[in-house]
Amino acid sequence: MEISRVALHRRGKRWGVEVTLKEGEVRRYRYGSEAQARYFAAVFELGPSWLPPVSRRSQRRSRAGASSAGRAASGPM
(Lines give C-alpha, C1' and ligand atoms only; values in the text may rest on other atoms or scores of the structure.)
Protein backbone atom coordinates (compact mmCIF):
# COMPACT_ATOMS: atom_id res chain seq x y z
CA MET A 1 0.00 0.00 0.00
CA GLU A 2 1.69 3.15 -1.21
CA ILE A 3 0.57 6.61 -0.15
CA SER A 4 0.75 9.35 -2.75
CA ARG A 5 -0.57 12.31 -0.72
CA VAL A 6 -1.41 13.26 2.86
CA ALA A 7 -3.44 16.40 3.57
CA LEU A 8 -4.39 17.97 6.90
CA HIS A 9 -7.82 19.64 7.02
CA ARG A 10 -9.65 21.87 9.44
CA ARG A 11 -13.39 22.33 9.16
CA GLY A 12 -14.75 24.48 11.94
CA LYS A 13 -13.59 22.87 15.18
CA ARG A 14 -12.92 19.51 13.53
CA TRP A 15 -9.56 18.26 12.31
CA GLY A 16 -8.95 15.54 9.80
CA VAL A 17 -6.40 13.85 7.61
CA GLU A 18 -7.02 12.78 4.03
CA VAL A 19 -4.79 9.99 2.72
CA THR A 20 -4.68 9.35 -1.03
CA LEU A 21 -3.23 6.03 -2.14
CA LYS A 22 -1.35 5.52 -5.41
CA GLU A 23 -4.24 3.30 -6.62
CA GLY A 24 -6.53 6.33 -6.30
CA GLU A 25 -8.38 5.28 -3.13
CA VAL A 26 -8.96 8.10 -0.64
CA ARG A 27 -9.31 7.52 3.09
CA ARG A 28 -10.39 10.24 5.48
CA TYR A 29 -9.84 10.20 9.23
CA ARG A 30 -11.21 12.62 11.84
CA TYR A 31 -9.55 13.51 15.12
CA GLY A 32 -10.56 15.32 18.29
CA SER A 33 -7.69 17.79 18.29
CA GLU A 34 -5.19 19.51 16.03
CA ALA A 35 -2.34 17.72 17.81
CA GLN A 36 -3.82 14.28 17.07
CA ALA A 37 -4.43 15.15 13.43
CA ARG A 38 -0.90 16.51 12.96
CA TYR A 39 0.62 13.47 14.66
CA PHE A 40 -1.22 11.01 12.41
CA ALA A 41 -0.53 13.10 9.30
CA ALA A 42 3.18 12.79 10.12
CA VAL A 43 2.83 9.03 10.67
CA PHE A 44 1.03 8.63 7.34
CA GLU A 45 3.78 10.66 5.60
CA LEU A 46 6.26 7.99 6.75
CA GLY A 47 4.39 5.44 4.61
CA PRO A 48 3.12 2.81 7.05
CA SER A 49 2.61 -0.70 5.65
CA TRP A 50 -1.10 -0.61 6.63
CA LEU A 51 -3.69 2.05 7.42
CA PRO A 52 -6.27 2.00 10.20
CA PRO A 53 -9.70 0.79 9.10
CA VAL A 54 -12.36 3.33 8.28
CA SER A 55 -15.40 2.96 10.53
CA ARG A 56 -18.59 1.53 9.02
CA ARG A 57 -20.60 4.51 10.26
CA SER A 58 -18.36 6.92 8.39
CA GLN A 59 -18.42 4.80 5.24
CA ARG A 60 -22.22 5.04 5.18
CA ARG A 61 -21.98 8.81 5.49
CA SER A 62 -19.43 8.92 2.69
CA ARG A 63 -21.72 7.04 0.32
CA ALA A 64 -24.51 9.43 1.25
CA GLY A 65 -22.32 12.32 0.10
CA ALA A 66 -20.85 13.60 3.36
CA SER A 67 -17.41 15.18 3.19
CA SER A 68 -15.76 13.17 5.99
CA ALA A 69 -15.45 9.44 5.52
CA GLY A 70 -13.22 8.22 8.26
CA ARG A 71 -12.53 8.17 11.92
CA ALA A 72 -9.44 6.54 13.35
CA ALA A 73 -9.00 7.83 16.87
CA SER A 74 -10.86 9.98 19.36
CA GLY A 75 -14.20 10.01 21.01
CA PRO A 76 -17.33 11.76 19.83
CA MET A 77 -16.79 15.26 18.52
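The values are calculated or read from the model by the stated rules, or taken from the named source; none is laboratory data. Predicted model, so just to flag it, every value in this text is computed and none were measured. Glycine gets a Cβ as well: all are built from the backbone with ideal geometry, and neighbour counts include every protein chain shown. These area figures cover heavy atoms from the full protein model, side chains too; ligands, DNA and RNA do not enter into them. Shrake-Rupley method; radii C 1.70, N 1.55, O 1.52, S 1.80 Å.
Which residues, counting only those in segment 25-43, are part of a strand (DSSP E or B) and out of contact with any Ser or Thr (no Cβ under 6 Å at 6 or more places or on another chain)?
Matches in segment 25-43: Arg27, Tyr29.
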Among Ser4, Ser49, which is the only one that is on the phi < 0 side of the Ramachandran plot, assigned to a loop (DSSP other than H, G, I, E, B) and more than 12 Å from the chain's Cα centre (by Cα)?
Ser49
Report, by residue number, each residue of segment 33-55 that is more than 15 Å from Ser4 (Cα to Cα) and open to solvent by less than 50 Å² (accessible area, probe 1.4 Å).
Ser33, Ala37, Pro52, Val54, Ser55
Assess whether Arg71 counts as being open to solvent by 70 Å² or more (accessible area, probe 1.4 Å), modelled with pLDDT under 60, farther than 16 Å from Gly12 by Cα and in contact with a Lys or Arg (Cβ under 8 Å, 6 or more places away or on another chain).
no
